[in-house]
Amino acid sequence: METFINPKSLFHLLLLPCLLLYSSIAYNSSPVEAAMHTNNWAVLVCTSRFWFNYRHMANTLSLYRTVKRLGIPDERIILMLADDMACNTRNKYPAQVFNNENHRLNLYGDNVEVDYRGYEVTVENFLRVLTGRHETAVPRSKRLLSDEGSHILLYMTGHGGDEFLKFQDSEELQSHDLADAVKQMKEKHRFKELLIMVDTCQAATLFNQLQSPGVLAIGSSMKGENSYSHHLDSDVGVSVVDRFTYYTLAFFERLNIYDNASLSSLFSSYNPSLLMSTAYYRKDLYKRRLEEVPVTNFFGSVMETIHTDAAYKALSRRNSGRFEDEMSLDQSVHHIKRRMLIKVNDGDEIHDINPELLQGEEGASKCPWSTFRNKFQKAENVDSLLNYGLVAMIPLLVISTWLVQ
Amino acid sequence: MVLLQRPHILLLLIDTHQFLQCWIAFGSANEEGQQQEEFSEELLVKPLPDHKLLAHFHFQSSAPPSTSNGCHHHLFPKAISQLVQKFRVKEMELSFTQGRWNYESWGGFDPISSSNAKPPGVELWAVFDVPQHHIDASWKNLTHTLSGLFCASINFLESTATYSTPEWSFPPASGNVRYGTLPCEAVCTENLTPWLKLLPCRDKAAIALLLDRPSLYRGFYHSQRLHLTSTESSSEGIDSGIILEQTLTVVLQPNSERAIEVHASEKHVQPSWSLSSIFGKQVSGRCVLAKSSSVYLLLDRGLVAELKFPNKENGKSAANGLTSENFWSNPSFELSVNPDRIFLEESSSHSKSLSILYMFQVEKYSESEPFDIGLMWKVPVAWLCQQTPLHASRFFMGSGNERGAIAISLKSTQFTEGFMSANSKDGSCELRVDVFQVVPWYVKVYFHSLRVFVDQQPRAVSDFIEKIHVSPSKDKMSPGVMEVVLKLPCRVNTAALTIEFDKGFLRIDEYPPDANQGFDIPSAIISFPNFHASMVFLEDDSLNRSPLLSKFQEKCPVMSYTEVLLVPLTTPDFSMPYNVITIKCTVFALYFGSLLNVLQRRVAEEERFLKAKAAKKTGRLPLLLSKLSAKLRGRRREPLHSPPSSSSFINSKLVLKVILVAGLAVGWQYFFS
């Protein structure tokens, strides 16, 4: 116990962790720069096996056709089909799948690219696709290679219930799993905005646990409601499409790639009496106003190019003061930020952010801690700083345990 | 300045040198002439005895070994060449098959059936040119790559429990071969499309235009195969020539509507057909990248014998003349288009009659004048295809969910009898049959129970089995493999191999979602190494030889696959574990909860505590302070910093600690300023 030499050094040691804590808080509170929307991805999942679930595959393929028509290329669509319906021996129309009695449109076409099929459609693989944790050998076509500028459409259909969705009639995806995966995606900068669309019974319950910003969710039915199929095709012998998807498609069939229909017009197009269930959408995690977001932001693909010169200037002007700190403290964070592009066009978003940012900076300069921070910056070696911090944790630990006894 | 200029000159020198080198390399490549990338497409149509039609598409691309253009290709698909280079694949074959080849009526002795009749589902084998210990890793990566390339779950073949290492019975016998099958894999459009994307003209021109998905998948049999061989040119293996052979074999029913109409009037007349009636499309335009694109119509030996061409005796002279109208205007059938050439088979040792091949060149036709051949039958014809020496079939014996036996039975066919009697002059004729069987680990085969029945009599195993290689299965690790060489007397009528097995148990998470359907046991491969299926056609110019015909000339051993067996395993009630877990947890919670409660409760102490609490309701701060002072007194004196500033305390130690730290910080601040 003679090791405590003088109170000054003790103070010094104790203060460092506080500073570290402070700096980390400062990071989290500073809003992450909104990356520009640069690309679109779609993950379309049919989770049901067996012939009588034909309609789920037709649902998924209809959406596949729609997003392809609106401009998302095949390599950016992950299509998961839990069973083979097109070449099923029970299918009277081999290599064809229809979503309507009139058989006008063959959804299976000549150029369908299924990434996961049959036994591969499992909860594990689904979560792997979302979170991007694959074995090294897995080919690129089976990965969701999105980045912080991606808008992702996640469409799922199958049989579900209160806070779960069945996969292959043998396992379940729970709302917690989904929320965790989405949270992980957010932390890994795997998306900018995510639209989750689920057509299943009690679909709304699947979104209960979601908490990541930038996520918008649409479900076909509220808790306690069923989602029904639309109509039966007596030639195929089973129902061919679900109501929610049918009316979604009815909305999209009117659109072409250049249309500006907004998400709110999609949401308002659902008629509960036609759906026989109440379409639910959760938008509390989503910042932008739905009236201003075109559906092609998720169902289509970005094509226009935006010059970024101005955006870079704006970035350097606003953050000139803070950049030095970041550089000395954490190189990697800085790199990530440098890679991001500020979207200038998105006016209101930046206006929202600006006052907060300024406040934060002022607060930082007024704070008595800033003097320490300056001193602390003089410690050039980050590693030694970390070591100091760790050493400083020991007395805290000692005191607390000693108090507890 | 000189210093500055020197490197420039040097660079220039290097540049020109490299340029010259490139130029020389390019020139030499051109000089060799034949070293160009080539692509050719062919379609062979053949009427089958049971009123069906066989269409066999054959696309071949070849990339010569070249150092000049590195990994760039003109026609050859880059995906395949990268795959060959990355995994050092020497030879590989991947097939997607739906339906079962009917050996009895579609034949088993011709080159098409012996190399294109495949087991249902996916079959993959590959020979690697890597050291022994790297093969498994290469195989694993190859399966993943192929699964991405062909939209199929080929990656299930990566686990050691699904693939095997044939020692010698598998035809491309070599130690570096790996073999795996997925019998229940679905085959559909999504597998065909990437396969077609490997062709330079995709399905946009010439013969590939016929590949209309709905009519293809309506067929009885559909097998899409990809075979590649890389020829090593140097020891490094980087610059190797690759030959990629893509075949699609379909068995279709020609225009069923008319067949039904005809059915009433004339029963045995073969249905007439044309390409447009089968595929719903015509061959219009040509693939300009193809070296040759031609359509063949093959009339096999049995049919030709039946048709009785009038001048059959002097057939050879007619084939040489090529103008004889007798070959394509026959009283029994009529062709809608005049063939460009007619090939007659060279005399074969296995059959008395010879097959005829009509050739049509697609290059002559254009989009305005599409190519379409039709065949109209006038007289009923019935014939038989040449069959394998022994017809193989496989079945299960026994009942119940515990044990059973697999039997492979071989029956002699009509063809063999005639052939054998002709061939066995010396009396001691033997028929060699190779059997290759892979059994998944959950079917636990007892190899000691192998029995041989010849002509329905149980016989000693050692009398007929010349060679046997067995590698027993390991649970969840590797499948059981059995390779047997049988030597049967030529006059054998039936032979059978039986082997007993026990059914294993799987863990609950190892069952597939449709476990009640049963588990597949992959096809056994029965090959006859002494018999070679080949068709040699008389060709006048060997320069312009078509890849399909040269493929027919290769001597490949006759092979046949048995049926896939479906073994029902005991499947548990999948909800049972949840019931058990729930009940167990409830019981445990009730039991241990109450037990712990009883054990831990100290009635006297609780009472005392309650009394103390009632006595002084002063709160925790004085208590803590007293504790603190007690500690201080109990130990040596320590330089403790300023005591926490008194403020409104919530009774929590955490808050105390936080305030302590904050106080320290404030002290520090004043100390420094």
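Only residues that are under 19 Å from B:Ala392 (Cα atoms) and among the polar types (S, T, N, Q): list them for region B:430-476, please.
The answer is B:Gln437, B:Gln456, B:Gln457.
Tally time: how many residues in region A:384-405 are farther than 23 Å from B:Lys653 by Cα and within 8 Å of chain B (Cβ to nearest Cβ)?
Number of matching residues: 0.
Which strands (runs of 3 or more DSSP E) sit wholly inside region B:353-409 and have at least 2 residues that are among the small types (Gly, Ala, Ser) and in contact (Cβ under 8 Å) with a residue 24 or more places away in the chain?
Per the criteria, B:390-397.
Given the criterion among the hydrophobic types (A, V, I, L, M, F, W, C) and touching a Pro at 6+ places or on another chain (Cβ under 7 Å), identify the matching residue among A:Ala217, A:Ala261, A:Ala250.
Unique residue meeting the criteria: A:Ala261.
Rundown of residues vs (1) surrounded by 18 or more Cβ atoms within 10 Å (Cβ to Cβ); (2) within 31 Å of the chain's Cα centre (by Cα); (3) in a loop (DSSP other than H, G, I, E, B), yes/no style:
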position	(1), (2), (3)
A:Ile72	yes, yes, yes
A:Glu75	no, yes, no
A:Met80	yes, yes, no
A:Met85	yes, yes, yes
A:Tyr93	no, no, yes
A:Gln96	yes, no, yes
A:Leu107	yes, yes, yes
A:Val114	yes, yes, yes
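Condition first: within 17 Å of B:Val122 (Cβ to Cβ) and within 9 Å of chain A (Cβ to nearest Cβ). Now tell me which residues in region B:192-215 satisfy that.
Of everything in region B:192-215, those that are within 17 Å of B:Val122 (Cβ to Cβ) and within 9 Å of chain A (Cβ to nearest Cβ) turn out to be B:Leu192, B:Thr193, B:Pro194.
Out of region A:216-256, which residues are in contact with a Ser or Thr (Cβ under 7 Å, 6 or more places away or on another chain) and closer than 18 Å to A:Pro294 by Cβ?
Result: A:Leu249, A:Phe251, A:Phe252.
Would you mind telling me which numbered condition in (1) buried (at least 21 other Cβ atoms within 10 Å of the Cβ); (2) within 13 Å of another protein chain (Cβ to nearest Cβ); (3) at pLDDT 90 or above A:Leu15 fails?
Of the numbered conditions (1) buried (at least 21 other Cβ atoms within 10 Å of the Cβ); (2) within 13 Å of another protein chain (Cβ to nearest Cβ); (3) at pLDDT 90 or above, the odd one out for A:Leu15 is (3).
State yes or no: is A:Val129 among the hydrophobic types (A, V, I, L, M, F, W, C), free of Cβ contacts under 8 Å to residues at least 60 places away in the same chain, within 27 Å of B:Trp195 (Cα to Cα) and touching a helix residue (DSSP H, G or I) at 6+ places or on another chain (Cβ under 9 Å)? Can you show your working first?
Values: among the hydrophobic types (A, V, I, L, M, F, W, C): yes; free of Cβ contacts under 8 Å to residues at least 60 places away in the same chain: no; within 27 Å of B:Trp195 (Cα to Cα): yes; touching a helix residue (DSSP H, G or I) at 6+ places or on another chain (Cβ under 9 Å): yes.
So A:Val129 does not fit the description; no.
Residues that are modelled with pLDDT of 85 or more, within 14 Å of chain A (Cβ to nearest Cβ) and surrounded by fewer than 22 Cβ atoms within 10 Å (Cβ to Cβ): list the strands (runs of 3 or more DSSP E) wholly contained in region B:510-561 that include at least 1 such residues.
Per the criteria, B:519-521.
With respect to B:Arg178, determine if the residue is farther than 20 Å from B:Ile112 by Cα, touching a residue at least 12 places away in the same chain (Cβ under 8 Å), charged (D, E, K, R) and away from chain A (no Cβ under 12 Å).
The answer is yes for B:Arg178.
Within region B:197-309, which helices (runs of 4 or more DSSP H) (wholly inside it) include 1 or more residues that are in contact with a Leu (Cβ under 8 Å, 6 or more places away or on another chain) and at pLDDT 80 or above?
Fully inside region B:197-309 and qualifying: B:213-217, B:275-279, B:301-307.
Using beta carbons and a limit of 8 Å, which pairs, at least six apart or on different chains, have the first residue in region A:242-261 and crowded, with 20+ Cβ neighbours inside 10 Å and the second one of a type in the set (Phe, Trp, Tyr) and in a helix (DSSP H, G or I)?
Taking only residues 6 or more apart or on different chains, the pairs are A:Phe252/A:Phe299.
Keeping to region B:629-669, report how many residues are at pLDDT 70 or above and more than 10 Å from every other protein chain (Cβ to nearest Cβ).
Of all residues in region B:629-669, those at pLDDT 70 or above come to B:629-633, B:652-669.
From what is left, the residues that are more than 10 Å from every other protein chain (Cβ to nearest Cβ) are B:629-630, B:632-633, B:652, B:655, B:658-659, B:663.
Looking only at that region, the number is 9.
The values are calculated or read from the model by the stated rules, or taken from the named source; none is laboratory data. Predicted, not measured: the structure shown is a model, and the values here were computed from it. Quick reminder, even Gly has a Cβ in these numbers, built from the backbone with ideal geometry, and neighbours come from all protein chains shown.
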